[in-house]
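Everything on this sheet refers to the single structure shown next.
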Amino acid sequence: MQEISDVREIVKYLPHRYPFLLIDRVLEFEEKTYLKALKNVTANEPIFTGHFPQSPIFPGVLILEAMAQASALLAFKSLGGYPTPETLYLLVGIDKARFKKQVIPGDQILFEVSVLREKRGIWKFDARAHVDEVQVCSAEVLIAKNEIEL
């Protein structure tokens, strides 16, 4: 297994930037198989000014987005080399999403994504999110390779 520990390496694979880059560190990577990544949830994130100021909760939709980013990172990294500026992996589906526990500032989310299958540029992943070894979310994530015009 390989590690991508530096966010400077992550941004070479993902087009997302602050405040929408939701992966802080990759702990484990096995080509075309598995990726484990972290997100540190901090109280100063812009989302908490409106969701919900009196009782901040990290939105479930952003947990799903982070799962998609981890999945795209696994796909890009598995292909070898860095993607071109014209290449994106887009989220095309979420199946079987379940939320088990709220995520709050101070939590560290551990994402684990595993490849279920890949066919003609469409990847399907089993994705899970944990905080302190307690599962907070699970879903099947579908992403598709897309070429854009610049």
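Every read-out reported here was derived from the displayed coordinates using simple, explicitly stated rules and does not represent laboratory data. Quick caveat, the model's predicted, so the values are computed rather than measured. Every residue, glycine as well, gets a Cβ built from its backbone with ideal geometry; the counts of neighbours run over all protein chains shown.
With r defined as the distance between the Cβ atoms of residue 101 and residue 122 and R0 fixed at 25 Å, what FRET efficiency is calculated, to the nearest 0.05?
Numbers: r = 30 Å, r/R0 = 1.21.
E between residue 101 and residue 122, to the nearest 0.05, is 0.25.
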For the chain, how many pairs of lysine residues have a Cα-Cα distance under 14 Å, where the two are 8 or more positions apart or belong to different chains? 9
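Counting only C-alpha contacts under 8 Å and six or more residues apart, can you give the relative contact order of region 7-147 as a whole percent?
Once divided by the residue count of region 7-147, the mean separation gives 27 percent.
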What shape does region 7-60 have by the C-alpha gyration tensor, where a ≥ b ≥ c are the square roots of the eigenvalues, rounded means a/c under 1.5, and otherwise prolate means a/b greater than b/c and oblate the rest? prolate
Ordered by number, the GluC sites (Glu not before Pro) in region 84-150 that occupy a DSSP loop and have at most 11 other Cβ atoms within 10 Å are 86, 133, 149
Please report 61, 115 as a ranked list, fewest other C-beta atoms within 10 angstrom at the top and most at the bottom. 61, 115
Quick one: check the C-alpha center-to-center distance for region 125-139 versus region 24-39, whole angstrom. 13
Using unit Cβ charges (K, R positive; D, E negative) and no other charged atoms, how large, in debye to the nearest 20, is the dipole of the chain about its Cα centre? 320
At 7 Å along the Cα-to-beta-carbon direction for both residue 114 and residue 20, put a label point, then send me their distance in nm to one decimal. 3.1
Rounded to the nearest 10, the angle in degrees between the Cα long axis of helix 60-79 and the longest principal axis of the Cα atoms of the chain comes to 30
Per the helix-only model, the chain has a calculated mean residue ellipticity at 222 nm (DSSP H runs of ≥4, -39500 (n - 2.57) each, divided over all residues, rounded to the nearest 500) of -6000 deg cm²/dmol
Please give the length that would be gained between residue 51 and residue 78 if that part of the chain were fully extended, namely 0.36 nm times their separation in residues minus their C-alpha to C-alpha distance (nm, one decimal). 6.2 nm
